[in-house]
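Nothing in this text is a laboratory measurement; each read-out follows from the coordinates by a stated rule. Since this is a predicted model, take the numbers as computed values, not measurements. Every residue, glycine as well, gets a Cβ built from its backbone with ideal geometry; the counts of neighbours run over all protein chains shown.
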Amino acid sequence: MGATAPPHTIEEAAAMLSKFAKSIIPLCAGALLWSAAAEAASPLTLTVSGSVKMPAKGSKIPTKLPRTTLQAFPVEGTTNDITPISGKASAAGRKANRAGVAPMAYGISSEKWPYSASRVASTTNSLGTSALENPVTAAPYRQTGLMLMDFQDGTYQCTASLILPNVLVTAAHCVQDYGLGAAGSAHNIQWIPANMGDPTDPAQRPFGVWTADRVVISDSYYNGTDTCARNAVGVVCNNDIAVIVLNRQAGDKAATILGDAYMYGWNGYSYIKSPAFKNLTVADITELGYPVAFDNGEQMQRNASFGKYTVSKGKATTTRKPLLNTQLGTPLTGGSSGGPWLVNFGTRPTVSSEASLGNDSLSNVVVGVTSWGYTATGYNVQGSSFFGQNYEFPLAAYGIYGGGNIGALVQAACTAVPEACLD
């Protein structure tokens, strides 16, 4: 696919992706936020070595979540005066889910950002004798998993989710220390979808352990030149995003075993400038992850909140270019890093003419991943690099793979390993 001329119409894209799931990834439309004359960054593909190697049973696994202080990056200090251009999402069919959510109110921040968070899985398999009867093993939860990575100083824990048949999305900081180049790259990356207990116990890994073949990140993150908050360099940045191509398991791709993958969106898919929120640009977001402060990091947690699109500019950023993030209220902590931020999460219902699903109603679309949090316990706000066009990745469409950072990274992954992106 990498040598094929890029499509110019949806029909051409559909022809190129005739084997892709149930439909296509639509081309992104709309005006550019920045000139496309020159890109400030490009995707960097890194080959990963390693094999299945679990940490010692009962060991406490550290996390990689970068954190900042309220003084360095105050929520109130961000602006919201750039509205995302018309958002898009990749397209494919989705399947069923179950499980409820218990409310947890809001944090101690001055904004008192509301959220609702709960454990997805049961601590024990109380719903039946089969692991596959646990809620976490049902779609659309099972496309998210616990991720373990080895760095020079030890093994760490993050979260990642499946967005193409054999391709994950996570946070760049989960697989690369900011600005450290090859010395800061992770190896032996392992993904355990729907992990439901001690990851060293095979019985708690209902869909097995998947290893990484290669990682794609922005070279600006790799070499430390990304647009970041001036007082939170390497923490709050434009491109804390990574795409991971998995090795097959017994010849199968992950989506073959899991039944499906999430979609991904860019340029504010399902975001809206809402009069109900004083004209802030917001989205209703579900966050999934494996935070180690909850249930020893062994159980998937679900959080729901409204996400707010934020922009920092000028002297507030390292490049003096716009820094684009989404923030939401959440109690989740380290270990949730890289976990998906989804819009329209859940099972799509059948709707009669008496109801409407509204605009941008594609289900289970990843529009961000957990990137950073605050050092203050109880502040309960996290941020994500905005999926879409920015200073480093200004194009509205990278081939057929979407716009901005996420489109560029997915394009690089699918060019390197085309079969990972096709059924």
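So here's what we get for this one:
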| quantity | calculated |
| --- | --- |
| Ordering of 183-194, 347-358, 226-237, 259-270 by burial proxy (mean other Cβ atoms within 10 Å per residue, highest first) | 259-270, 226-237, 183-194, 347-358 |
| Violating pairs (Cα-Cα greater than 22 angstrom) within the set 273/313; 112/273; 112/315 | 112/315 |
| Extended-chain gain in nm, criterion 0.36 nm per residue less alpha-carbon gap, residue 248 and residue 152 | 32.0 nm |
| Amide H partners (placed H, <5 Å) of residue 397, local residues excluded | 404 |
| Distant-in-sequence amide H partners of residue 379 (H built 1.01 Å from N, under 5 Å) | 108 |
| The range 303-319 - phi-based ³J(HN,Hα) in whole Hz, Karplus 6.51/-1.76/1.60, Gly and Pro as x | 10, 10, 7, 8, x, 10, 6, 10, 9, 10, 9, x, 5, 6, 10, 6, 9 |
| Added length on full extension, which subtracts the Cα-Cα distance from 0.36 nm per residue, residue 351 to residue 118 | 81.1 nm |
| Contact order relative to length of the range 272-354, as percent, for alpha carbon pairs under 8 angstrom and 6 or more apart | 32 |
| Linear extension gain, residue 180 paired with residue 67, 0.36 nm per residue minus alpha-carbon span | 38.9 nm |
| Dimensions (Å) - the range 286-346, Cα atoms, principal axes, largest first | 41, 25, 15 |
